[in-house]
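Notes follow once the structure below has been shown.
The values are calculated or read from the model by the stated rules, or taken from the named source; none is laboratory data. None of the values given here were measured: they were computed from a predicted structure. Counting neighbours? That spans all protein chains shown, and the Cβs are built from the backbone with ideal geometry, glycine included. Calculation scope for accessible area: heavy atoms of the full protein, side chains included, ligands and nucleic acids excluded. Shrake-Rupley method; radii C 1.70, N 1.55, O 1.52, S 1.80 Å.
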There are 2 protein chains.
Amino acid sequence: MDMLWSGWGDPAKAAPLPDSVTGLLRDLLGVKPRDTDARALDEISVPESSLDPATSKALADAVGGEAHVRTDAESRIRHTRGKSTPDLLRIRAGDVEDAPAAVVLPASHDDVVAVLRVCAEHGLAVVPFGGGTSVVGGLAPERRSFVALDLRRMNGLLDIDPVSRTATLQPGLRAPDAEALLAEYGFTLGHFPQSYEWATIGGFAAARSSGQASAGYGRFDEMVLGLTLATPEGTLDVGRAPRSAAGPDLRQLILGSEGAFGVITAVTVRVRPVPHTRVYEGWRFASFEEGATALRRLAQDGPRPTVLRLSDETETFVGLAQPDAIGAAEVPSSAGCMAIAGYEGTEEDTTYRRERAAEVLRAAGGTYLGAEPGERWAHGRYSAPYLRDSLLDAGAFAETLETATFWSRIPELYAAVRTALTETLTAAGTPPLVMCHISHVYENGASLYFTVVSAQGDDAVAHWEPAKRAANEAVLNAGGTITHHHGVGTDHRDWYVREAGPLGVEALRAVKRRLDPDGLLSPGILLPVD
Amino acid sequence: MDMLWSGWGDPAKAAPLPDSVTGLLRDLLGVKPRDTDARALDEISVPESSLDPATSKALADAVGGEAHVRTDAESRIRHTRGKSTPDLLRIRAGDVEDAPAAVVLPASHDDVVAVLRVCAEHGLAVVPFGGGTSVVGGLAPERRSFVALDLRRMNGLLDIDPVSRTATLQPGLRAPDAEALLAEYGFTLGHFPQSYEWATIGGFAAARSSGQASAGYGRFDEMVLGLTLATPEGTLDVGRAPRSAAGPDLRQLILGSEGAFGVITAVTVRVRPVPHTRVYEGWRFASFEEGATALRRLAQDGPRPTVLRLSDETETFVGLAQPDAIGAAEVPSSAGCMAIAGYEGTEEDTTYRRERAAEVLRAAGGTYLGAEPGERWAHGRYSAPYLRDSLLDAGAFAETLETATFWSRIPELYAAVRTALTETLTAAGTPPLVMCHISHVYENGASLYFTVVSAQGDDAVAHWEPAKRAANEAVLNAGGTITHHHGVGTDHRDWYVREAGPLGVEALRAVKRRLDPDGLLSPGILLPVD
């Protein structure tokens, strides 16, 4: 199934906001219902494809037939940009000037190599396309004429090694399909980002994804043991052992390269047994600081839950800690900060960890709220992007951004980003609701995930831009990383360049020039165009 | 204190072999006592230093005075090559043709930058020198005129963050000194490789070191959160957050770069509380295969000991599983394979893990041998290199090599390397004793560490070369990595190039050319000279 072209997910799952929320938006944020002026797909006119017949023919030859080279309007619209709020606002308004010249669907590594050859010969740029869920402009290169390389036909399980607990997956495999294939062998990947229902293995690798169960299963880049990368200069195969001292870890050079170095055509990941037990529970803390300290205790001294997150006061108040509960009559008491701790594994192991973790959380000031908030969180864990669509429909603006830093800097980073967003949007006449949660914990630090809701302003995209810039500046100034799991894309690129530093960027450019001398691959994504 | 120039460690700790071992060597391997013809340090003549007065002056200006630019024979001999067995055999024979032109001792990052500038101006190569413990030719560049950049003056704790549990260390800090500095704050690094007593923080980072407690504390490259690298083109600072999605992980590009990209001048590591409890215990398994399966169980499903290792039948028989016990009257029953499982942490946590791990090991066929073998292993854990000196003194040849792969390939890799070493040395007239242990375990695989002892042959260095080559070929052919923790240096370079593949090597060369355009840094180490 294709994702809703103008929003998120399965159109059948769209859920309008309850009146109570609409009222809240109006009264609290001054959101005015507006003509969303959303067009129907067939009303949108796409610029003519720049693909000439000879190139089209060569591409068709590369991927096994004309059926796999699509230049129809719908295909091109569906591959235009990603799913950030500005992306949605623009496409709803019919702006598809970033549409690819064509959508090409390779079926194999060799097909990809052949496509890259054709594109090099014909001077076409290439942007790999997995689930299309980028929220950082990772699908909108700085070049008009490009091919979206849709990897959906490469969706197989290539190999499984039950003894070593590894599996080799194709990049176009969607996460739920990967889980289904692995489950046949009793395994799970354990990677559940909010984009889970749509995103693909290749995208996870290219963008260094991190899932909601990262406390237990690790980040996606920590799961990757091997990679195959097709580049215009040939194929790179890395990962002969789980760990090695044989030079720099080239896997970690490919992970996060966002299509700028090549196209990931196979990913070998570690897998784990499907857990027997899954328990998610709620806890309340008096303040974000108290809750953060409690999470840090568990992250540093254990026992480590599989899922561990903490909403700040505002997010808890609004109920976003459990999106399912928003607007429901039984919104739980909203004082303080809600945390979710989840445990997955064998019955014995989860019981042990859960009991010990409960002691730690209690000692750190936590109040146990039982399983209900946890189950609610688990049930609603993928629904926030649907909520955003409803907010946009209601005339509100809603966007998220995220960062990470070391524990000692979390308070400063939290305050800096909140202040930047609040001040900028308030000065622009649309005072926002800024919510935050800690979504990923490590021994040495954590991520902060912010959600901003406000009125839209006249030109919603332009209205948001200064706030996003201010947030980015705040992140860098407070010592955070410009992105913990969304990626760089084009949206974060200028700040990423500052974070990596001139010599870091030069080192990466040197790699790019060697693997992609003509600059065909995702131009302007991750790195500035040369 | 300086290390013994012609062997390992503290000369006061040298221990001659017991007669029983000498007898074993003679009867089993045909080792003949030989005139070791070892020279005294002051009998060795060093080639004249190529350093001209102008360069010497410029270097002295860079590092704060003439006292820190040493061209005397002793200094240069002490910085000649590393501590592989061929290195020791050559230096004992008075061969110091690889001596540096000078030993330069910078005191700060800025000093290092200044040295690199001087070297670029004067066409001198630079090889960073930490503990001098390389066993892979990592200190012998393919260029005669070079400076050994001895980092011993850069041995401070720059910063400690007890909340985030991070510490920033200088590269010349030796591991025991790092532990002492951290212990003042209640922390440990937990990195205990066999070279622990001499090796430095910078060397651990540059060579992707892995310690004996890696099951609990992780590899050194997993401990590193930030790095500062001085290059001829400027400074690279990486690591703003424990984890990030901001592009490729540049830390993992610097880790393992072995001085070829720059000089590591600061390392930010994660630290952990000093454990309250340390328990090491012995287990016996009927076979290496049975023991390996038991280790895999713990590595995959836990609970994870802090130390976990398994000697094969030969190593167990010889007693090398506990070097302290070699030749002692009370060598334990030598049937089967000896494993060591160690637990460090809080009392409660070690008790829980120990009891649960014991159940797993017992269910997998293990026989509990009590704490004595564990304590013996712990007591003798750094003594193997002293043992090698004694073996060389007794006229035997002794060397180690190591690799890693995925669990399912361990049996094939084990057999392949054993066979290669045994056949080559037997055909050369010196049938060897080949011993092996699993020294590091991961969810998805493990390392294999081989020790070879044989008679020396007429030219011991030349005699070993075909065996080492055969072992390297066997490693690559059986799917292993050419090095799990010793590094690449010059000795593994040609096989590393095959492991990384042409495009992998080209990507790294592109980085090197950008950071070190004149090829001053560690030429021929890690990567072939351009």
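Across peptide B:258-268, the average count of Cβ atoms from other chains found within 10 Å of a residue's Cβ is 1. Accessible surface computed residue by residue for chain A, with neighbouring protein chains in place and a 1.4 Å probe, gives 34 Å² per residue.
A straight line joining the Cα centroids of segment A:91-139 and segment A:216-244 runs 22 Å.
Cα-based radius of gyration for chain B, normalised by 2.2 N^0.38 Å, reads 0.95. Annotation: amide H-H contacts under 5 Å for B:L369 (H modelled 1.01 Å from N, sequence separation of 5 or more, or interchain): B:G282, B:W283, B:R284. Remark on A:G342: its backbone amide H falls under 5 Å from those of A:E281, A:T306, A:V307, A:L308, a criterion applied only to residues 5 or more positions apart or on other chains, H modelled at 1.01 Å from N.
With 40 Å² as the minimum drop in accessible area between chain alone and full protein complex (1.4 Å probe), the qualifying residues in segment A:144-177 are A:V163, A:S164, A:R165.
With θ taken as phi - 60° and the Karplus curve 6.51 cos²θ - 1.76 cosθ + 1.60 applied, the whole-hertz 3J(HN,Hα) list for segment A:250-258 is 5, 4, 7, 8, 7, 4, x, 7, 6 Hz, x standing for glycine and proline.
Let me know the whole percent of all Cα-Cα pairs from segment A:157-273 that are separated by more than 21 Å.
Here the tail beyond 21 Å accounts for 31 percent of pairs.
Near A:A455, the amide H atoms lying under 5 Å from its own belong to A:F397; only residues 5 or more places off or on other chains count, and H is placed 1.01 Å from N.
Remark on segment A:42-150: ratio of C-alpha radius of gyration to 2.2 N^0.38 Å is 1.02.
From most to least packed by mean Cβ count within 10 Å, the peptides B:59-66, A:478-485 give A:478-485, B:59-66.
Here the Karplus relation 6.51 cos²θ - 1.76 cosθ + 1.60, evaluated at θ = phi - 60°, turns the backbone of segment A:211-220 into coupling constants of x, 5, 9, 5, 4, x, 9, x, 6, 4 Hz, with x for every Gly and Pro. In the assembled protein chains, B:R409 presents an accessible area of approximately 90 Å² (probe radius 1.4 Å).
Per Stokes-Einstein, at 25 °C and 0.890 mPa s, what whole-number D in µm² s⁻¹ belongs to the protein assembly as shown, with the Kirkwood radius over Cα pairs as the hydrodynamic radius? Kindly include the intermediate steps, with their values, before the conclusion.
Working: Rh = 30.3 Å.
The estimated diffusion coefficient comes to 81 µm²/s.
Between copies, A:G370 shows label-point distances of 5.4 nm, shortest first, with the point placed 7 angstrom from Cα along Cα to C-beta.
Only helices enter the 222 nm calculation for chain A: every DSSP H run of n ≥ 4 contributes -39,500 (n - 2.57), and dividing by all residues gives -10500 deg cm²/dmol, rounded to 500.
Quick one: buried accessible area between A and B, total over both chains, 1.4 angstrom probe, nearest 100 Å²?
When A and B are taken together, about 6100 Å² of accessible area is lost.
Can you flag which of A:K512/B:K83; B:K13/B:K468; B:K57/B:K512; B:K468/B:K512 are past 32 Å Cα-Cα? The pairs that break the limit, which is 32 Å between Cα atoms, are A:K512/B:K83. Net charge of the neighbourhood of A:D10, taken over other residues with C-beta under 13 Å away and scored Lys/Arg +1, Asp/Glu -1, is -1. Starting from the label point of B:A40 at 7 Å along Cα→Cβ, the same points in the other copies fall at 10.1 nm, in ascending order. For peptide B:250-257, the mean count of partner chain Cβ atoms within 10 Å of a residue's Cβ comes to 6. Evaluating 6.51 cos²θ - 1.76 cosθ + 1.60 at θ = phi - 60° for every residue in segment A:17-30, the Karplus couplings come out as 5, x, 4, 4, 6, 4, x, 4, 4, 5, 6, 8, 10, x Hz, glycine and proline recorded as x.
Accessible surface ranking for A:S454, B:S195, 1.4 angstrom probe, highest first: B:S195, A:S454. Looking at segment B:136-245, the GluC sites (Glu not before Pro) that sit in a DSSP loop and have at most 14 other Cβ atoms within 10 Å of their own Cβ are B:E184.
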